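Engineer: Provided herewith is a single structure, encoded as structure tokens, for subsequent inquiry.
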Amino acid sequence: MKPTLLIIDDEPAIRTLLESFLEERYACVSAGNAAEARAAIAEQYFNVVLSDIDLGGETGTELVPSIIEASPETAVVMISGNRDLDDAIASIRAGAFDYVKKPFELDFLEMAVDRALQHNQLLRSKRQYETELEHLLKKRTDQVTYLSLHDSVTGLPNSVRFRETLARELETEPSGAMIGVMLITIEGYRKLQETFGHATASDALKEIGRRLVECVNPRSTVARIDGEEFAVLIPGIRDRDELAEIADRALCHIREPLFIEEDEVFLSASIGMSIAPTDSNDAAKLIENASSALLNAREQGGDRSQFYMNGMNRAARRRLSIENGLRRALDRNEMRVVYQPKAECQTGKIVGMEALVRWENDEFGPISPAEFVPIAESTGAIVQIGEWVLDQAAEFGGDLTDLGFDLLVSVNLSERQLREAGFHHMVMDILAENELPAERLDLEITESLLMTDREIAVQALSELRMQGINISIDDFGTGYSSLGRLKSLPLDTLKIDRTFITDVTTDPNSASLVLALVTLAHNLGLKVIAEGVETEEQLKFLKLIRCDEYQGYLLSKPVPRSDFLELVKRCSSGSAGNSTAVHLCLAA
């Protein structure tokens, strides 16, 4: 098919001449004025437009913007006389590709039209490539979004999706309508996994998920929360008795035998239940209450269901003690900072460290950060703790720099800290006091932080980034972000959560997801760090897909300052160029 050419000239003789000369290679259409040209452009696509500047009314120059607006890839060539030269230049500025000055040789004119066609084809190829890339990006982003909201084993919604759905139901259900929440732990699953292996255990989880779906109505949501734990959301229940009946039905279905390798395997379950609005109208609180009831059911021997009741929540009493302890933890020197190294995937060279806070309480002993950090966040104690951790890490980073080890120091940043007035100045003051360059500090944020007061977060992080501080998004994939939104955020690094790394060598879905994350993050100009790397096979996979850095127990567990310094010294004494050698030096 011939490329299309629109010839615009108010002189019929010139139009006829140009058509007869160019029609052998182009499908030509003629227009005698701007109005006819606009009508022709509205009816069909033109690869090239050849227009005289003087059209006896509206000029060709004035016509150029409307041509480009209608078809951005169309290449426009203007024909000008000596007195029209300024107009020709104006046409180029308006978007025309080229111009030919009268009088002209027809062969020279044909060359100009051919060049315009080449330009048009280049623009069309570029547009097609961009469209295909955008389609691929959307497809990959949709895939990542789906996998981030669904369990890779059962295909059921995961904990993130469950919480979203529960929150939405609480908002949309009529006032006073009852919503039931059940948390279910499968008893005997760990033993089944140890006996028959991961593949068989995964099949068992799929079957249990299927049975739970059969127990509830289509409006209900069944999710796999973690490991052997499921959750069920049941909107529109009549009363407690109906929820109890559903729980009993679920227990009966779970007790039915599983046929594995010609053996009958029997599992049981414990179920904790809470009801809105009786127990709470808050999604997190309903889940917490159901979790307390689940713990109570297990303490009573399991294989039973239990409603939440006021006073049964032992965790609440522990939480209160932890809140009180947090207020005095720093004064009592109960907290310490440990450091976990980060290394390049390809070379094994240690290039950074993450500062992690640990707490050993006089009453409870060691308390997991997963337990006390959310409490510190909710009470505001995280502000003081976070500032102390940053100061400790910056001091150590400055000392390492003085010793010749230029490592990137990563510190976790909480939502409460970011909201604090003067936070930006506090960070810069700590860096100055410890003589740590801003380029050597990395602040790690979570996805959830960006979902709350997003504009405030983006502004605060942008100010820090302008000072040279690196910004990372931590545990990516466990929250609400999509890759499409990352390009609008002030980020340098994306950290892939350990839950995606664990199964990359055994689960094709996990491997595909991690590959998509690395590829798309690189396309957005982000560095990628994999968390929770524990095996050589996982590291080999990360090398293969060109992941930038990794951290995890394969490299080193988090260690105290003195041990980290010795570790870096050993690894810098000749073995840092080989990842296996680094692992040996860490184990030395």
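The values are calculated or read from the model by the stated rules, or taken from the named source; none is laboratory data. Keep in mind that this is a model prediction, so the values were computed, not measured. Cβ: placed from backbone, ideal geometry, glycine included. Neighbour counts: every protein chain shown.
Engineer: Quick one: would you say S71 is more than 50 Å from the chain's Cα centre (by Cα) and within 13 Å of T4 (Cβ to Cβ)?
Structural biologist: Criteria not met by S71.
Engineer: Checking the structure you have, find out if any residue of region 191-198 is within 18 Å of S274 (Cβ to Cβ) and either modelled with pLDDT under 90 or more than 29 Å from the chain's Cα centre (by Cα) (or both).
Structural biologist: Among the residues of region 191-198, not one is within 18 Å of S274 (Cβ to Cβ) and either modelled with pLDDT under 90 or more than 29 Å from the chain's Cα centre (by Cα) (or both), which makes the answer no.
Engineer: Keeping to region 65-94, report how many residues are buried (at least 22 other Cβ atoms within 10 Å of the Cβ) and β-branched (V, I, T).
Structural biologist: 5
Engineer: Okay, moving on. What residue, among those in region 1-52 that are in a helix (DSSP H, G or I) and among the charged types (D, E, K, R), is nearest to F108 (Cα to Cα)?
Structural biologist: By that ranking, first place goes to E19.
Engineer: Confirm whether L63 is in a strand (DSSP E or B) and at pLDDT 90 or above.
Structural biologist: No.
Engineer: Failed condition for G155, given (1) closer than 28 Å to Y308 by Cα; (2) at pLDDT 90 or above; (3) not in a helix (DSSP H, G or I), with all others met?
Structural biologist: Tallying (1) closer than 28 Å to Y308 by Cα; (2) at pLDDT 90 or above; (3) not in a helix (DSSP H, G or I), G155 fails exactly one: (1).
Engineer: Something else now. Looking at (1) in contact with a Gly (Cβ under 9 Å, 6 or more places away or on another chain); (2) among the aliphatic types (A, V, I, L, M); (3) over 28 Å from R168 (Cα atoms), which one does A269 not meet, given that it meets all the others?
Structural biologist: Here A269 clears every test but (3).
Engineer: Checking T172 against (1) surrounded by fewer than 21 Cβ atoms within 10 Å (Cβ to Cβ); (2) within 29 Å of the chain's Cα centre (by Cα); (3) without any contact (Cβ under 8 Å) to a residue 60 or more places away in the chain; (4) more than 19 Å from D279 (Cα to Cα), only one condition comes out false. Which one?
Structural biologist: Unmet condition: (4).
Engineer: Pull out all pairs, ordered by first then second residue, where Cβ-Cβ is under 9 Å, the residues are six or more apart or on different chains, the first lies in region 10-34 and is assigned by TED's automatic domain parsing to the domain that holds G60, and the second is of a type in the set (V, I, T) and in a helix (DSSP H, G or I).
Structural biologist: Short answer, once both residue conditions are applied: L22/V113; R25/V113; Y26/V113; S30/T16; A31/I41.
Engineer: What residue, among those in region 521-575 that are modelled with pLDDT of 90 or more and hydroxyl-bearing (S, T, Y), is farthest from the chain's Cα centre (by Cα)?
Structural biologist: My answer is S562.
Engineer: Please return the ranges of helices (runs of 4 or more DSSP H) entirely within region 362-476 where 1 or more residues are surrounded by 21 or more Cβ atoms within 10 Å (Cβ to Cβ) and touching a residue at least 60 places away in the same chain (Cβ under 8 Å).
Structural biologist: 381-402
Engineer: Counting only residues that are in the same structural domain as A297 (by TED's automatic domain parsing) and closer than 18 Å to N158 by Cα, give me the helices (runs of 4 or more DSSP H) lying completely in region 173-286 with at least 1 of them.
Structural biologist: Working: elements: 189-196, 198-215, 240-255.
Because the criterion is at least 1 residues that are in the same structural domain as A297 (by TED's automatic domain parsing) and closer than 18 Å to N158 by Cα, the helices (runs of 4 or more DSSP H) in region 173-286 that meet it are 198-215.
Engineer: Same structure again: Out of all the residues in region 349-360, is one or more farther than 19 Å from I529 by Cβ, buried (at least 18 other Cβ atoms within 10 Å of the Cβ) and touching a residue at least 24 places away in the same chain (Cβ under 8 Å)? Spell out how you get there, then give the answer.
Structural biologist: Just the residues of region 349-360 that are farther than 19 Å from I529 by Cβ, to begin with: 357-360.
Then drop every residue that is not buried (at least 18 other Cβ atoms within 10 Å of the Cβ), which leaves 357, 359.
Going one step further and asking which of them are touching a residue at least 24 places away in the same chain (Cβ under 8 Å), we end up with 357, 359.
Scanning region 349-360, I find at least one residue that is farther than 19 Å from I529 by Cβ, buried (at least 18 other Cβ atoms within 10 Å of the Cβ) and touching a residue at least 24 places away in the same chain (Cβ under 8 Å), so the answer is yes.
Engineer: Considering each of L294, L326, L320, L330 in turn, give the residue that is under 27 Å from E363 (Cα atoms), exposed (fewer than 14 other Cβ atoms within 10 Å of the Cβ) and under 38 Å from the mean Cα position of the chain (by Cα).
Structural biologist: Residue meeting the stated conditions: L320.
Engineer: Of L6, L17, which residue is more than 46 Å from the chain's Cα centre (by Cα) and surrounded by fewer than 17 Cβ atoms within 10 Å (Cβ to Cβ)?
Structural biologist: Matching residue, one of L6, L17: L17.
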